[in-house]
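Visitor: A single structure is presented below for examination.
The values are calculated or read from the model by the stated rules, or taken from the named source; none is laboratory data. All of these numbers come straight from a predicted model, not from anything done at the bench. Heads up, the Cβs are rebuilt from the backbone with ideal geometry, glycines too, and the neighbour counts pull from every protein chain shown.
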Amino acid sequence: MNAGSVEQCLDLAIRHVNAGQPERAKVLCEHALATYPPHAGVLQLLAVLCLREGQTARATRHIAASLALRPDHGPSLIVAGDVARTAGDLPAALAHHRRAQALLPDRADAWFALALTLQDQRDLSGAAAALERVLELAPGRAEVEVNLGIVLQEAGRIDDAMLAYGRAFRLREDSFGRIAHALAAASTGRLWLDLDALRDRLRRVPA
(Lines give C-alpha, C1' and ligand atoms only; values in the text may rest on other atoms or scores of the structure.)
Protein backbone atom coordinates (compact mmCIF):
# COMPACT_ATOMS: atom_id res chain seq x y z
CA MET A 1 0.00 0.00 0.00
CA ASN A 2 1.15 3.56 -0.57
CA ALA A 3 2.79 5.94 1.89
CA GLY A 4 -0.47 7.82 2.28
CA SER A 5 -1.99 4.76 3.93
CA VAL A 6 0.82 4.77 6.47
CA GLU A 7 0.18 8.43 7.20
CA GLN A 8 -3.53 7.76 7.63
CA CYS A 9 -2.73 4.94 10.03
CA LEU A 10 -0.45 7.23 12.05
CA ASP A 11 -3.05 10.00 12.09
CA LEU A 12 -5.68 7.59 13.43
CA ALA A 13 -3.25 6.29 16.05
CA ILE A 14 -2.57 9.83 17.25
CA ARG A 15 -6.29 10.45 17.49
CA HIS A 16 -6.64 7.33 19.62
CA VAL A 17 -3.89 8.60 21.94
CA ASN A 18 -5.60 11.98 22.26
CA ALA A 19 -8.87 10.19 23.03
CA GLY A 20 -7.25 8.26 25.87
CA GLN A 21 -7.06 4.97 23.97
CA PRO A 22 -3.34 4.15 23.92
CA GLU A 23 -3.89 0.40 23.44
CA ARG A 24 -5.77 0.96 20.20
CA ALA A 25 -3.04 3.35 19.08
CA LYS A 26 -0.38 0.76 19.84
CA VAL A 27 -2.18 -1.93 17.86
CA LEU A 28 -2.37 0.41 14.86
CA CYS A 29 1.33 1.29 15.13
CA GLU A 30 2.32 -2.37 15.38
CA HIS A 31 0.14 -3.15 12.36
CA ALA A 32 1.78 -0.35 10.39
CA LEU A 33 5.23 -1.53 11.44
CA ALA A 34 4.50 -5.06 10.26
CA THR A 35 2.75 -4.04 7.03
CA TYR A 36 4.56 -1.04 5.61
CA PRO A 37 8.18 0.05 5.15
CA PRO A 38 9.73 1.59 8.27
CA HIS A 39 8.14 4.95 9.07
CA ALA A 40 9.86 7.37 11.45
CA GLY A 41 6.64 8.80 12.88
CA VAL A 42 5.12 5.40 13.57
CA LEU A 43 8.32 4.25 15.27
CA GLN A 44 8.45 7.42 17.38
CA LEU A 45 4.86 7.04 18.56
CA LEU A 46 5.36 3.36 19.28
CA ALA A 47 8.44 4.23 21.36
CA VAL A 48 6.36 6.70 23.39
CA LEU A 49 3.62 4.15 23.97
CA CYS A 50 6.08 1.43 24.98
CA LEU A 51 7.81 3.83 27.37
CA ARG A 52 4.49 4.66 29.03
CA GLU A 53 3.93 0.94 29.57
CA GLY A 54 7.37 0.49 31.11
CA GLN A 55 8.70 -1.45 28.11
CA THR A 56 12.01 0.40 28.07
CA ALA A 57 13.94 -2.06 25.90
CA ARG A 58 11.28 -1.98 23.19
CA ALA A 59 11.05 1.80 23.41
CA THR A 60 14.83 2.00 22.98
CA ARG A 61 14.74 -0.12 19.83
CA HIS A 62 11.86 1.80 18.28
CA ILE A 63 13.26 5.27 18.91
CA ALA A 64 16.69 4.22 17.64
CA ALA A 65 15.06 3.01 14.42
CA SER A 66 13.11 6.27 14.16
CA LEU A 67 16.25 8.38 14.58
CA ALA A 68 18.05 6.29 11.97
CA LEU A 69 15.47 7.59 9.49
CA ARG A 70 15.56 11.22 10.64
CA PRO A 71 18.53 11.82 12.97
CA ASP A 72 17.97 15.55 13.43
CA HIS A 73 14.29 15.41 14.31
CA GLY A 74 13.96 17.39 17.53
CA PRO A 75 10.82 15.77 19.00
CA SER A 76 12.27 12.30 18.36
CA LEU A 77 15.46 13.33 20.16
CA ILE A 78 13.37 14.41 23.16
CA VAL A 79 11.76 10.96 23.21
CA ALA A 80 15.16 9.29 22.83
CA GLY A 81 16.45 11.27 25.79
CA ASP A 82 13.40 10.37 27.86
CA VAL A 83 13.87 6.68 27.04
CA ALA A 84 17.57 6.79 27.91
CA ARG A 85 16.83 8.63 31.16
CA THR A 86 14.26 6.02 32.14
CA ALA A 87 16.78 3.29 31.32
CA GLY A 88 19.34 4.97 33.59
CA ASP A 89 21.69 5.94 30.76
CA LEU A 90 22.14 9.56 31.80
CA PRO A 91 25.04 10.40 29.43
CA ALA A 92 22.95 9.28 26.44
CA ALA A 93 19.90 11.11 27.81
CA LEU A 94 21.90 14.31 28.22
CA ALA A 95 23.35 14.04 24.70
CA HIS A 96 19.89 13.57 23.16
CA HIS A 97 18.28 16.33 25.20
CA ARG A 98 21.08 18.81 24.51
CA ARG A 99 20.78 18.10 20.79
CA ALA A 100 17.00 18.51 20.92
CA GLN A 101 17.30 21.81 22.76
CA ALA A 102 19.82 23.07 20.19
CA LEU A 103 17.45 22.16 17.37
CA LEU A 104 14.37 23.49 19.18
CA PRO A 105 15.64 26.54 21.10
CA ASP A 106 12.15 28.03 21.50
CA ARG A 107 10.36 24.85 22.57
CA ALA A 108 9.53 24.70 26.27
CA ASP A 109 9.29 20.90 26.24
CA ALA A 110 12.86 20.60 24.96
CA TRP A 111 14.16 22.79 27.76
CA PHE A 112 12.07 20.94 30.36
CA ALA A 113 13.39 17.55 29.27
CA LEU A 114 16.93 18.90 29.44
CA ALA A 115 16.28 20.31 32.92
CA LEU A 116 15.14 16.95 34.28
CA THR A 117 18.23 15.19 32.94
CA LEU A 118 20.54 17.91 34.28
CA GLN A 119 18.87 17.53 37.67
CA ASP A 120 19.48 13.78 37.57
CA GLN A 121 23.12 14.52 36.69
CA ARG A 122 23.25 16.81 39.76
CA ASP A 123 23.98 19.84 37.58
CA LEU A 124 21.62 21.91 39.70
CA SER A 125 22.63 25.31 38.35
CA GLY A 126 22.14 24.05 34.80
CA ALA A 127 18.78 22.54 35.69
CA ALA A 128 17.62 25.77 37.34
CA ALA A 129 18.65 27.82 34.30
CA ALA A 130 16.81 25.43 31.98
CA LEU A 131 13.64 25.59 34.10
CA GLU A 132 13.82 29.38 34.16
CA ARG A 133 14.00 29.27 30.36
CA VAL A 134 10.90 27.05 30.30
CA LEU A 135 9.05 29.69 32.32
CA GLU A 136 10.18 32.42 29.93
CA LEU A 137 8.77 30.45 27.00
CA ALA A 138 5.65 29.17 28.78
CA PRO A 139 4.81 31.35 31.81
CA GLY A 140 2.37 30.36 34.46
CA ARG A 141 3.14 26.65 34.67
CA ALA A 142 2.79 25.61 38.29
CA GLU A 143 4.44 22.21 37.82
CA VAL A 144 7.54 23.88 36.40
CA GLU A 145 7.68 26.32 39.32
CA VAL A 146 7.51 23.36 41.73
CA ASN A 147 10.36 21.64 39.90
CA LEU A 148 12.36 24.86 40.01
CA GLY A 149 11.72 25.11 43.75
CA ILE A 150 12.93 21.54 44.26
CA VAL A 151 16.11 22.17 42.25
CA LEU A 152 16.85 25.41 44.13
CA GLN A 153 16.16 23.67 47.43
CA GLU A 154 18.55 20.84 46.53
CA ALA A 155 21.15 23.49 45.71
CA GLY A 156 20.74 24.95 49.20
CA ARG A 157 18.96 28.08 47.96
CA ILE A 158 15.95 27.70 50.22
CA ASP A 159 14.83 31.34 50.08
CA ASP A 160 14.80 31.28 46.28
CA ALA A 161 13.03 27.91 46.43
CA MET A 162 10.29 29.41 48.60
CA LEU A 163 9.73 32.12 45.98
CA ALA A 164 9.21 29.45 43.32
CA TYR A 165 6.95 27.43 45.62
CA GLY A 166 4.91 30.55 46.36
CA ARG A 167 4.42 31.25 42.66
CA ALA A 168 3.39 27.63 42.09
CA PHE A 169 0.89 27.69 44.96
CA ARG A 170 -0.72 30.90 43.75
CA LEU A 171 -1.06 29.42 40.28
CA ARG A 172 -2.48 26.10 41.49
CA GLU A 173 -3.31 25.39 45.08
CA ASP A 174 -3.35 21.65 44.35
CA SER A 175 0.44 21.86 44.00
CA PHE A 176 0.60 22.13 47.80
CA GLY A 177 1.10 18.39 48.34
CA ARG A 178 4.27 18.27 46.25
CA ILE A 179 5.58 21.44 47.88
CA ALA A 180 4.97 20.21 51.43
CA HIS A 181 6.53 16.84 50.63
CA ALA A 182 9.62 18.46 49.09
CA LEU A 183 10.09 20.77 52.06
CA ALA A 184 9.79 17.90 54.52
CA ALA A 185 11.84 15.32 52.59
CA ALA A 186 15.04 17.11 51.64
CA SER A 187 17.85 17.67 54.08
CA THR A 188 17.98 21.31 53.03
CA GLY A 189 14.25 21.76 53.57
CA ARG A 190 12.26 23.15 56.43
CA LEU A 191 9.90 20.93 58.36
CA TRP A 192 6.47 22.53 58.62
CA LEU A 193 4.43 20.86 61.33
CA ASP A 194 1.57 23.31 60.84
CA LEU A 195 0.45 22.90 57.22
CA ASP A 196 -2.01 25.78 57.49
CA ALA A 197 0.91 28.00 58.45
CA LEU A 198 2.79 26.77 55.39
CA ARG A 199 -0.17 27.60 53.14
CA ASP A 200 -0.29 31.07 54.65
CA ARG A 201 3.46 31.48 54.16
CA LEU A 202 3.19 30.48 50.50
CA ARG A 203 0.37 32.94 49.91
CA ARG A 204 2.51 35.75 51.32
CA VAL A 205 5.67 34.96 49.35
CA PRO A 206 6.50 37.96 47.13
CA ALA A 207 5.56 37.53 43.46
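Visitor: Might you check whether a residue that is charged (D, E, K, R), touching an Asp or Glu at 6+ places or on another chain (Cβ under 6 Å) and at pLDDT 95 or above occurs anywhere in the stretch 163-182?
Guide: yes
For (1) surrounded by 16 or more Cβ atoms within 10 Å (Cβ to Cβ); (2) among the hydroxyl-bearing types (Ser, Thr, Tyr); (3) under 19 Å from residue 67 (Cβ atoms); (4) within 23 Å of the chain's Cα centre (by Cα), each residue gets a yes or a no:
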position	(1), (2), (3), (4)
8	no, no, no, no
16	yes, no, no, yes
27	no, no, no, no
32	yes, no, yes, no
48	yes, no, yes, yes
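Visitor: Of all the residues that make up the stretch 71-107, how many are among the acidic types (Asp, Glu), surrounded by fewer than 19 Cβ atoms within 10 Å (Cβ to Cβ) and under 19 Å from residue 119 (Cβ atoms)?
Guide: Going through the stretch 71-107 one residue at a time, the tally reaches 1.
Visitor: Please go through the stretch 34-46 and pick out each residue that is in contact with a Ser or Thr (Cβ under 6 Å, 6 or more places away or on another chain) and surrounded by fewer than 19 Cβ atoms within 10 Å (Cβ to Cβ).
Guide: 40 - this is the single residue of the stretch 34-46 that is in contact with a Ser or Thr (Cβ under 6 Å, 6 or more places away or on another chain) and surrounded by fewer than 19 Cβ atoms within 10 Å (Cβ to Cβ).
Visitor: I'm checking my understanding of the structure. Among residues of the stretch 33-66 that are modelled with pLDDT under 95 and part of a helix (DSSP H, G or I), which one is nearest to residue 5 (Cα to Cα)?
Guide: 35
Visitor: Please verify whether the stretch 78-89 includes one or more residues that are modelled with pLDDT of 95 or more, more than 17 Å from the chain's Cα centre (by Cα) and over 16 Å from residue 45 (Cβ atoms).
Guide: No, that holds for no residue.
Visitor: Scanning for something closer than 17 Å to residue 201 by Cα and not small (Gly, Ala, Ser), does the stretch 136-148 turn up at least one residue?
Guide: yes
Visitor: Sticking with this one: Within the stretch 85-109, which residues are assigned to a helix (DSSP H, G or I) and out of contact with any helix residue (DSSP H, G or I) (no Cβ under 7 Å at 6 or more places or on another chain)?
Guide: Selection gives 91, 95, 102.
Visitor: If I ask for residues that are closer than 17 Å to residue 113 by Cα and among the small types (Gly, Ala, Ser), which ones from the stretch 44-58 would you list?
Guide: The one that is closer than 17 Å to residue 113 by Cα and among the small types (Gly, Ala, Ser): 47.
Visitor: Let me ask something else. Within the stretch 75-98, how many residues are over 19 Å from residue 17 (Cβ atoms), in contact (Cβ under 8 Å) with a residue 24 or more places away in the chain and not aliphatic (A, V, I, L, M)?
Guide: 2
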